[in-house]
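Contents: one structure, followed by commentary.
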Amino acid sequence: MTDSDSARWEHFEHMADIGVRGFGATPAEAFAQAALALSAVVCDPASIRETEKVEVECEAADLELALADWLNALIYEMAVRGMVFGRFQVDIANDRLKGIAWGEPLDLQRHRPAVEIKGATYTELKVAREAGGLWRAQCVVDV
Amino acid sequence: MNIDRLEQIDAYTWRLNPETGMHVPAILYGDEALVRAMDDKVLEQAANVARLPGIVQASYAMPDAHWGYGFPIGGVAAFDAGAGGVVSAGGVGFDVSCGVRTLLTGLKRAAIEPVKPLLADALYADIPVGLGSHGKIRLDAKGLDAMLKGGAQWAVEQGWGEARDLARIEEHGRMEGARPENVSARAKERQRAEMGTLGSGNHYLEVQEVTEIFDAGTAQSFGIAEGDMVVSIHCGSRGLGHQIGTEYLRLMQAAAKQYGIALPDRELACAPIESEVGQDYLGAMRAAINCALANRQILTHLTRQVFARVLPAARLELLYDVSHNTCKFEEHLVDGERRRLYVHRKGATRAFGPNHPDLPAAFAETGQPVLIGGSMGTASYILAGTSRSETLSFASACHGAGRSMSRHQATRTWQGRQVIDQLAERGILIRSPSYRGVAEEAPGAYKDVDAVVRASDRAGLARLIARLEPIVCIKG
């Protein structure tokens, strides 16, 4: 899977926490971008080297639950492995999501992490195709 | 918030009368400025909570309320299991039993001031703080389960604290009904390296000075006087609680559907208290409460070790330990009838009044200490529970200032280094691994805590006892 020109991520405002949002030509691409936005809550994704690869799988009845599950799976891997991730690939087929995250062990000096993430919430949870045909995948994460 | 839909009951109480689907009214506490400054989502969320099955009396929002997920932060709601009442993971939050404990040092500022930088550095060196920090404690599976059953009692048995601490902790340091078997392997794995860690975000350890006393008698009874130095620790159940919140929120999506509960908001996912999922969650959540109590107990021990080296004259007696994010089975008076209810407090503090049977004898006359957290440069407060709050809010009060600005806006407004320098000029030493974290948590990003506690006091939720100001803050 290659990144399309339209793929990008951003944060959106929430009073206590922070919203993560990814855009892409497909839901999978938007999910990968949302994961980059998730990483950027912690540190600058550009500062993350790709020394290790972690694979995750989730199963969910709809795309929105799948997004929350995907982000929560990454939050779990970040927490137990002590890692940060800077690149993602996602495949979605038949309610099953397979994802790959590339990253490295957290380096306090180099990554200067701002905050840890407790979980992805269902607040502002939305996966939808926009008028221009681009997919948007977003939710608020609790920090 | 647009207050047009609200009926003003008195200067500090506002009511949304039941609208479509609401079983009870929503009641918001705060002066007009605070309520107007709340986002519209607070009212929407408080109203949505009032639509859940089995809710009793009212859905409440404390004066520090702001937009949460499902429940507002600062939300309080009680449910009757016998009336089809529900339990909601979103009504407790991801950081189960996040709370504050305050320790009395027995020292005045003059004793600490000469060694302040040394103390700040020593605390920062010994208290694991921030993302990626690990505690020195490693628990095997058996140890972890014992901790989840035993809470602070377990921690004291392991040597992290004194037996007399336990009387000064909610639930006497150990939440009954914890079921470690309901906590997933993933949740336990997430906790493995996090015992005795402070975390990040709004969690902190502060050395504070008592700068004002509002009720000398109660303050004396609590062991505090103007000029005293105290230590306050704000943190929760760490990764274990976060994972429990994540997993049960997911399970309750399916459970709500299964039980035909119409959810006005996905985040209000819940299950009947008497269902299997409901009972499983309560067992897991109580285990997470014990994890938080154990964690704050271990951090207390680490703090005492630092003081023993730097300021050996300090006593560090525990004043009290309170939690903000819980669901507890309690007896309350509703329309003259005593009922056992499941009280959700999300970003709210239990505030039992005088003579409550669950309080230690030391607080029989005063009511429970209610510990209100600050934010690096702003004040913290000690209040006391009132008898009146029993009828106002199931004996609950505010928990902190509550944010008034998003993290993004905060980082656009301040730089971490600048915040640290400005606070240093005011005599407040910050030690933190993250400049961005400090900017996101800048004191100006929070509501006026003075206004919040004043409103809590005037509304009758709790009464003001003392004001504290930070001089050292270890910030995650």
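The values are calculated or read from the model by the stated rules, or taken from the named source; none is laboratory data. Please read these numbers as outputs of a predicted model, since none were measured by experiment. Glycine also receives a Cβ, built like all others from the backbone with ideal geometry; neighbour counts cover every protein chain displayed. Quick note on the areas: whole protein, heavy atoms, side chains included, nothing else; ligands and nucleic acids left out. Shrake-Rupley method; radii C 1.70, N 1.55, O 1.52, S 1.80 Å.
Worth a mention:
- Simple label model, 7 Å out from Cα along Cβ direction - A:Asp44 to B:Ala185, nm: 4.0 nm
- Computed over all pairs of different Cα atoms, the Kirkwood value for the hydrodynamic radius of the range A:8-142 is 14.5 Å.
- The range B:1-101 pair-distance distribution - Cα-Cα, 10 Å bins, rounded %: 17, 49, 28, 6, 0
- Inter-probe distance in nm under a simple model that places probes 7 Å from Cα toward Cβ, at B:Ile9 and B:Asp450: 2.8 nm
- Mean projected area (nm²) of the alpha-carbon convex hull when the protein assembly as shown is viewed from all directions: 25.5 nm²
- With respect to chain A, whose longest principal axis is taken over its alpha-carbon atoms, helix A:27-42 is tilted by about 30°.
- To the nearest ten degrees, helix A:63-81 and the longest principal axis of the Cα atoms of chain A are 10 degrees apart.
- Separation of the B:Arg109 and A:Gln109 label points, Cα + 7 Å toward Cβ, nm: 3.8 nm
- Using C-alpha pairs under 8 Å with a sequence gap of at least 6, the mean separation divided by the residue count of chain B gives a relative contact order of 22 percent.
- Carbon/sulfur fraction of accessible area - the range B:1-80, other protein chains in place, 1.4 Å, %: 48 percent
- For the range A:55-87, a drop of 20 Å² or more in accessible area on going from the chain alone to the assembled protein chains (1.4 Å probe) is found at A:Leu65, A:Asp69, A:Asn72, A:Tyr76, A:Ala79, A:Val80.
- The stretch between B:His408 and B:Gln258 holds 50.1 nm of extra length on full extension. This uses 0.36 nm per residue minus the Cα-Cα distance.
- Accessible-area rank, largest first, for B:Asp421, B:Asp228, B:Asp40: B:Asp40, B:Asp421, B:Asp228, with all protein chains present and a 1.4 angstrom probe.
- Put simply, the amide H of B:Ile471, placed in the peptide plane, has neighbours under 5 Å in B:Val207, B:Gln208, B:Glu209, leaving out anything fewer than 5 places away on its chain.
- q = 0.08 Å⁻¹, chain B: log10 I(q)/I(0) [Debye, one scatterer per Cα]: -0.42
- Accessible surface, 1.4 Å probe, highest first, among residues B:Leu429, B:Leu16: B:Leu429, B:Leu16
- Beta bridge orientation in the range B:23-126: antiparallel %, DSSP, nearest 5: 60 percent
- Euclidean distance between Cα centres, the range B:16-43 to the range B:427-476, Å: 25 Å
- For A:Arg87, solvent-accessible area (1.4 Å; no DNA, RNA or ligand), Å²: 100 Å²
- With all protein chains kept in place, the per residue accessible area of the protein assembly as shown amounts to 34 square angstrom at a probe of 1.4 angstrom.
- The interface between chain A and chain B buries about 3600 Å² of solvent-accessible area in total (1.4 Å probe, ligands and nucleic acids excluded).
- A simple rule links phi to the HN-Hα coupling: the Karplus curve 6.51 cos²θ - 1.76 cosθ + 1.60 with θ = phi - 60°, which for the range B:71-76 gives 7, x, 5, x, x, 9 Hz, with x for Gly and Pro.
- At R0 = 60 Å, FRET efficiency that the Cβ-Cβ distance of B:Glu331 and A:Thr51 yields, to 0.05: 0.60
- Reduction of at least 30 Å² in accessible surface, 1.4 Å probe, comparing all protein chains with the chain by itself, residues of the range B:424-439: B:Pro433, B:Ser434, B:Arg436
- Ranking of B:Glu113, B:Glu157 by solvent-accessible surface, largest first: B:Glu157, B:Glu113 (1.4 Å probe, protein heavy atoms only, all chains present).
- Of the beta bridges in chain B, as assigned by DSSP with both residues counted there, near 90 percent are antiparallel.
- Rg to Rh, two decimals, where the range B:310-423 supplies the alpha carbon set and Rh follows Kirkwood: 1.09
- Of all beta bridges that DSSP places with both ends in the protein assembly as shown, some 95 percent have antiparallel geometry.
- Distance from the Cα centroid of the range B:244-258 to that of the range A:47-88 is 20 Å (rounded to whole angstrom).
- Sulfur and carbon atoms: percent of accessible area, chain A [1.4 Å]: 45 percent
- Note: relative contact order over the range B:1-107, using C-alpha pairs below 8 Å and six or more positions apart, is 20 percent.
- Relative contact order for chain A: 30 percent, from Cα pairs under 8 Å spaced at least 6 residues apart, divided by residue count.
- Taking every lysine pair in chain B that is 8 or more places apart or spans two chains, those with Cα atoms closer than 27 Å amount to 25.
- Long-range amide H partners of A:Glu116 with built H, under 5 Å: B:Leu131, B:Ser200, B:Gly201
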